[in-house]
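Asks: My structure is below; once you've seen it, I'll send some questions.
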Amino acid sequence: MAEQPTESGQAWVAEHARSYVESGGADGHDWRGVPTLLLTVRGRSSGKLRRTALIYGTDGDNYLIVASYGGAPEHPQWYRNLVAEPEVTVQVKDNVFPAVARTASAEERARLWPQMAAIWPDYDNYQTKTDRKIPIVILEPTH
């Protein structure tokens, strides 16, 4: 049996991910009027697979996610995990595929931030709450 990922420690995110998986994205892809995907990363300390639901955008064939953590001073755990192990699994609706994650360069971020803030305007608010430059992650499908 394939290794099953652990869901987010936040109950509502875990429930969102479970509904997403069980319905092939029919229940969960659209969340509060925005598109979401499921990201599965390997824990850098535990070695376990961890899955979370995130808002996404696209850039060509690539998917974009924002490591905002609501403007907290530190990066979210999923971001720290994918920096350590960039080979991830992504689910968009019923399409599950491998991808390589990388942090957008400063130039890419400058181009992509307005697009992501148009999808979720609170990203701009989150950036004002923290001194860290909130990363945009580019997920490049490898299939």
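The values are calculated or read from the model by the stated rules, or taken from the named source; none is laboratory data. Keep in mind it's a predicted model, so treat the numbers as computed, not measured. Note that we place each Cβ from the backbone using ideal geometry, even for glycine, and neighbour counts take in every protein chain shown.
Asks: Can you tell me which residues in the stretch 67-79 are in a helix (DSSP H, G or I) and either touching a Lys or Arg at 6+ places or on another chain (Cβ under 6 Å) or within 15 Å of SER45 (Cβ to Cβ) (or both)?
Replies: Matches in the stretch 67-79: GLY71, GLN77, TRP78, TYR79.
Asks: Limited to the stretch 102-121, what total is found for residues that are out of contact with any Gly (no Cβ under 7 Å at 6 or more places or on another chain), in contact (Cβ under 8 Å) with a residue 12 or more places away in the chain and under 20 Å from HIS29 (Cβ atoms)?
Replies: The qualifying residues number 1.
Asks: Which residue out of LEU82, LEU64 is modelled with pLDDT of 95 or more and either under 20 Å from GLY47 (Cα atoms) or not aliphatic (A, V, I, L, M) (or both)?
Replies: Among LEU82, LEU64, only LEU82 is modelled with pLDDT of 95 or more and either under 20 Å from GLY47 (Cα atoms) or not aliphatic (A, V, I, L, M) (or both).
Asks: What residue, of THR128, THR142, THR103, is at pLDDT 95 or above and surrounded by 14 or more Cβ atoms within 10 Å (Cβ to Cβ)?
Replies: Result: THR103 is the single residue among THR128, THR142, THR103 that is at pLDDT 95 or above and surrounded by 14 or more Cβ atoms within 10 Å (Cβ to Cβ).
Asks: Do we have any residue at all in the stretch 123-137 that's in contact (Cβ under 8 Å) with a residue 60 or more places away in the chain and part of a strand (DSSP E or B)?
Replies: Yes, that holds for at least one residue.
Asks: Can you go through LEU49, LEU54 and tell me which one is hydrophobic (A, V, I, L, M, F, W, C), in contact with a Leu (Cβ under 6 Å, 6 or more places away or on another chain) and surrounded by 17 or more Cβ atoms within 10 Å (Cβ to Cβ)?
Replies: On inspection, the qualifying residue turns out to be LEU54.
Asks: A further question follows. What's the number of the condition SER46 fails, among (1) assigned to a loop (DSSP other than H, G, I, E, B); (2) of a type in the set (S, T, N, Q); (3) in contact with a strand residue (DSSP E or B) (Cβ under 6 Å, 6 or more places away or on another chain)?
Replies: Going through (1) assigned to a loop (DSSP other than H, G, I, E, B); (2) of a type in the set (S, T, N, Q); (3) in contact with a strand residue (DSSP E or B) (Cβ under 6 Å, 6 or more places away or on another chain) one by one, SER46 breaks only (3).
Asks: Out of (1) surrounded by 17 or more Cβ atoms within 10 Å (Cβ to Cβ); (2) over 30 Å from GLY47 (Cβ atoms), the odd one out for VAL88 is which?
Replies: (2)
Asks: If you don't mind, there's one more thing I want to ask. Do we have SER45 as of a type in the set (Gly, Ala, Ser) and farther than 23 Å from TRP120 by Cα here?
Replies: So SER45 fits the description; yes.
Asks: Specify which of the listed residues (GLY9, GLY28, GLY24) is crowded, with 20+ Cβ neighbours inside 10 Å and not acidic (Asp, Glu).
Replies: GLY28
Asks: Can you tell me which condition THR58 does not meet? The list is (1) part of a strand (DSSP E or B); (2) under 10 Å from the mean Cα position of the chain (by Cα), and all the others hold.
Replies: That leaves (2) as the condition not met.
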